[in-house]
């Protein structure tokens, strides 16, 4: 964990109840931040002008982290205009507002900006070629934020999991509690990222930007190591088995056997080396927090 700092700085978090926002709000005070978090009731990203007005009333601040997004990947195929508004138009407007006030702006993006056809991990200079409406909206958001003209940082992440919100881990635990076996895709590979680790690293970046030790840029920020969805499920059930006194079987299947409205990238692996070089840290390996988070979820259900 990053060392505790004494200087108190003001952090505005866009988002309130999602996986990342929850972890940012929990960790930031111990890292020397005075936190204000804006939920949808105050800052509705579907309304760019109202959202900018809400943020403007709270500026200036030492840093802003945008942890709000439209993340319904399949539904975005039929709601692309809404996804674009939430993921691109509003973040761009907010980034420009922050630029005008001299406030650094951190924006979270996704592996879906890539087509998933590369054989190795993606680096920041690889060509973005989104294959879905969601991916297009997120890439447009990256461009809009960087075009805002201020000190902005784009953090691309992937396969985020935590004890909060909606995610693959919680889905597997829900289904695994009901079934003896689950069919899980085994030909899509990525880097599961624990939300507590993602939050920790973003707070490090926010501090560096607030202190003008970084001007931002585009970075990848995902859990170290890689696995498939089936491998991820297996690891989840390894940790759940002692609590359940049973273990569901994971049956590997292909993407073709589990069609979805939005195609999933076969390769979602992200190389976080550039972030580590720039900020001196990176998320722990994808399994590092898994057991603790599984335990937290299962014990809270009792």
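The values are calculated or read from the model by the stated rules, or taken from the named source; none is laboratory data. In this text the structure is predicted, and so the values were computed from the model without any measurement. Counting neighbours? That spans all protein chains shown, and the Cβs are built from the backbone with ideal geometry, glycine included.
What to note about this one:
- Region 203-231: number of residues that are within 17 Å of residue 288 (Cβ to Cβ) and modelled with pLDDT of 95 or more: 7
- Across region 164-179, not a single residue is classified as under 13 Å from residue 91 (Cα atoms) and in contact (Cβ under 8 Å) with a residue 12 or more places away in the chain.
- Residue check for residue 70: farther than 19 Å from residue 36 by Cβ and either surrounded by fewer than 20 Cβ atoms within 10 Å (Cβ to Cβ) or in contact with a strand residue (DSSP E or B) (Cβ under 6 Å, 6 or more places away or on another chain) (or both): no
- Entirely in region 128-244, the strands (runs of 3 or more DSSP E) that have 1 or more residues that are within 30 Å of residue 9 (Cβ to Cβ): 152-157, 217-220
- Boolean, residue 133 is surrounded by 19 or more Cβ atoms within 10 Å (Cβ to Cβ), under 30 Å from residue 34 (Cα atoms) and at pLDDT 95 or above: no
- Considering residues of region 184-195 that are crowded, with 24+ Cβ neighbours inside 10 Å and touching a helix residue (DSSP H, G or I) at 6+ places or on another chain (Cβ under 9 Å) only, the residue nearest to residue 115 (Cα to Cα): 190
- The single condition from (1) touching a residue at least 24 places away in the same chain (Cβ under 8 Å); (2) more than 30 Å from residue 240 (Cα to Cα); (3) in contact with a helix residue (DSSP H, G or I) (Cβ under 6 Å, 6 or more places away or on another chain) that residue 160 fails is (2).
- Flag for residue 165 being modelled with pLDDT under 95 and more than 19 Å from residue 266 (Cα to Cα): yes
- Close pairs (9 angstrom Cβ cut-off, 6 or more residues apart or separate chains): touching a residue at least 24 places away in the same chain (Cβ under 8 Å) and at positive phi in region 198-216, part of a helix (DSSP H, G or I) and surrounded by 21 or more Cβ atoms within 10 Å (Cβ to Cβ) anywhere: 216/205; 216/209
- Unique match (being surrounded by fewer than 20 Cβ atoms within 10 Å (Cβ to Cβ), modelled with pLDDT of 95 or more, under 20 Å from the mean Cα position of the chain (by Cα) and in a helix (DSSP H, G or I)) among 85, 125: 85
- Residues that are assigned to a loop (DSSP other than H, G, I, E, B), more than 23 Å from residue 153 (Cβ to Cβ) and over 19 Å from the mean Cα position of the chain (by Cα) within region 264-302 comprise 301, 302, listed in sequence order.
- Top-ranked residue in region 166-183 [being more than 22 Å from the chain's Cα centre (by Cα) and crowded, with 18+ Cβ neighbours inside 10 Å; ranked as nearest to residue 257 (Cα to Cα)]: 182
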